[in-house]
Amino acid sequence: MKVRAEWFGGIVSLERPRALVSVNRAMMRLLGIAASSRWSGPSRDALSAPTEVHLVISRQCSAGCKSCYVDATPNGPAMSLEQAKAALDRLAAHGVFHVALGGGEALELDYLFEVAEHARRVGILPNLTTAGLGLTPAIAERCKVFGQINVSVDGVGADYEQARGFNGFARAERALRLLRAVKKEVGINCVVSRRSYPNLGRVVALARKLRLNEVELLRFKPSGRGLATWADEDLTPEQARGIFPKAQWLTLRHLMRIKLDCSFAPMVFWHRPSLAVARFFGVVGCEGGNLLASVMPDGALTGCSFGGPNEGSIFDADATRRAFDGGFSAFRGYLARAPEPCRSCEYLSLCKGGCRVVAKAAGDWWQPDPGCPRVRAHRAEAGA
Amino acid sequence: MSSKNDDDAAPRILGVRFGVNPNSSSLGVDVTYLLFGSGAVMVATLMLSAWLRGARGKLEPHGSAGDPSTGKAP
């Protein structure tokens, strides 16, 4: 078990159950941790470093999904093995607990498993998202090195092809079976679009049938090739209001753990869940540059994989330290300048205005997420 | 995941995020826990407190950059 000091006390990383637990200073002392220099000085709004980093080790992928958010191609750029190891060393030095290895299709890199093993060596848990198209029993066996592995399944049967532009469902399902045969921490990632929304139940039923441990629902992002189709794929106002109750219903109906990604936070908070419960269980919106950061194939540090400025290179120790200490203002700065209706929203400190990338695609990075039901109502009122 | 300064407070769990995230976007909402509300907070607090107290002395500091109390620079 690992622990990292923070201004409020610290974060303890448990392996069983897998969890990051935030504790106060008194609990840190009780656990035998010496006082940290981070405990002096004023309270901070940000962590000393992200707890998880998305390491985009390549933009290579031969699948050619029509809405790929990183615009991956068969010949896209990739980090070398040595660069990936150097990036992991830097992240470990800053106390990052988890990395998500992705791209691109990370499994197309012949050194992926060396990267994952290196992550383990330096104390970081490597996790993986894959389309699973070329997975074999031998590759599945090697995937034991990862923590959680999610296979992208945006629909069952013909819905898969409609979402991704090619018929890969049978191969994705086979990958899930092969992975589940060797480990328990296997789940599904499902991008929720206007067209896939009605059939989400079929995806969750598949996860239950295959005895997977989670389904993560991801909002369609206006990024990469997805930018061109976003207007047609973005959820309708009714769907935006319905996604949280639907996820709750599917959780109970299929007894399946369902997660919604950060960009769905405004749609959840619109239903006014208990603020104290949400805070305790880390229900949050945009955590770019705080809980989460990304490293691109060229080493550029960004607050989010879908957008935001380059904060410096992960290969530069000083630049990385500056970024974690006081950078990422494009993300961390939203709270101070949030306009209405975010400013008066009781959930602002958790939601942080929803997805910046969606706001930018709608015209202005610093405006509230236009998909938020509260924002829609506010704008309708202002326009009336 | 944060709280006011509480140097003199009783030992406390401030928050928890279960599971890990393999995705490019951050985990926002684990629907399960919102279903059970404050009862889930109570159960999680009790279980995690016991767990952590059992781990006393077995915790290993992670990361050294920017925190001189834990050792070397990156």
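The values are calculated or read from the model by the stated rules, or taken from the named source; none is laboratory data. Because the structure is predicted, anything quoted here is derived from the model rather than measured. When we count neighbours, we look across all protein chains shown, and the Cβ atoms used for this are built from the backbone with ideal geometry, even at glycine. The protein model used for the area step is the full one, side chains on, heavy atoms only, and it has no ligands, DNA or RNA in it. Shrake-Rupley method; radii C 1.70, N 1.55, O 1.52, S 1.80 Å.
Ranked highest first by average number of other Cβ atoms within 10 Å, how do A:374-382, A:125-133 line up?
Result, highest mean Cβ count within 10 Å first: A:125-133, A:374-382.
So which residue, out of A:Pro373, A:Pro50, A:Pro273, gets the largest mean-square fluctuation from a GNM of chain A using Cα contacts under 10 Å as springs?
Of the options given, A:Pro273 has the highest mean-square fluctuation.
Along the charge dipole of region A:52-332, which of A:Gly326, A:Leu227, A:Pro237 sits closest to the positive end, that is, farthest toward it, with unit charges on the beta carbon of Lys, Arg, Asp and Glu (+1, +1, -1, -1)?
Toward the positive end, the furthest listed residue is A:Pro237.
If you place +1 on the Cβ of every Lys and Arg, -1 on the Cβ of every Asp and Glu, and leave all else neutral, what size is the dipole of the protein assembly as shown about its Cα centre, to the nearest 20 Debye?
Using only the charged Cβ atoms, the result is roughly 1220 debye.
Please build a GNM for chain A, connecting alpha carbons under 10 Å apart, and tell me which residue among A:Trp366, A:Trp230, A:Trp39 fluctuates the most.
Its mean-square fluctuation being the largest, the pick is A:Trp39.
Averaged across A:248-260, how many Cβ atoms of other chains sit within 10 Å of each residue's Cβ atom?
Going residue by residue through A:248-260 and averaging, the value is 3.
On a 1.4 Å probe surface of the protein chains, which of A:Lys85, B:Lys58 comes out largest in accessible area, and what is the full order? Don't skip to the answer; put the middle values down first.
Details: A:Lys85 45, B:Lys58 135 Å².
These residues rank, largest area first, as B:Lys58, A:Lys85.
Sort region A:41-120 into rounded, prolate or oblate with this rule: let a ≥ b ≥ c be the square roots of the eigenvalues of the Cα gyration tensor; rounded if a/c is under 1.5, and if a/c is not under 1.5, prolate when a/b is larger than b/c, oblate otherwise.
Cα axes put region A:41-120 in the oblate bin.
If you average over every viewing direction, what projected area does the convex hull of the Cα atoms of region A:337-383 give, in nm²?
Working: hull surface 12.4 nm².
Convex hull of Cα atoms, orientation-averaged projection: 3.1 nm².
For A:Val182 and A:Glu161 in the same chain, what is the full-extension length gain: residue separation times 0.36 nm, less their Cα-Cα distance, in nm? Mind showing how you got there, number by number?
Working: separation 21, 0.36 × 21 = 7.56 nm, distance 2.74 nm.
Taking 0.36 nm per residue and subtracting the Cα distance, the gain is 4.8 nm.
Let me check against my output: what whole-number percent is the relative contact order of chain A, with C-alpha pairs under 8 Å and at least 6 apart?
After rounding, I find 14 percent.
Kindly report the accessible area of region A:337-383 per residue (heavy atoms of protein chains, probe 1.4 Å, no ligands, DNA or RNA), in Å².
Heavy-atom accessible area per residue stands at 46 Å².
Taking 2.2 N^0.38 Å as the expected size of a compact globular protein, what ratio does the Cα radius of gyration of chain A give against it, to two decimals? Provide the component values of the computation, followed by the final result.
Numbers: Rg = 20.3 Å, N = 384, 2.2 N^0.38 = 21.1 Å.
Normalised by 2.2 N^0.38 Å, the Cα Rg of chain A equals 0.96.
Expressed as a whole number of Å, what is the distance separating the alpha-carbon centroids of region A:235-292 and region A:1-50?
If you average the Cα positions of each part, the centres end up 26 Å apart.
For every other residue with a beta carbon closer than 13 angstrom to the beta carbon of A:Gly165, add +1 if it is Lys or Arg and -1 if Asp or Glu, then tell me the sum.
Details: positive: A:Lys66, A:Arg164, A:Arg195, A:Arg225; negative: A:Asp154, A:Asp159, A:Glu161, A:Glu233.
Cβ neighbours under 13 Å give a net charge of 0.
Where in region A:130-145 does the label zone of A:Glu15 land, with the point 7 angstrom along Cα→C-beta and an amide N cut-off under 19 Å?
Residues A:142-145 fall inside that zone.
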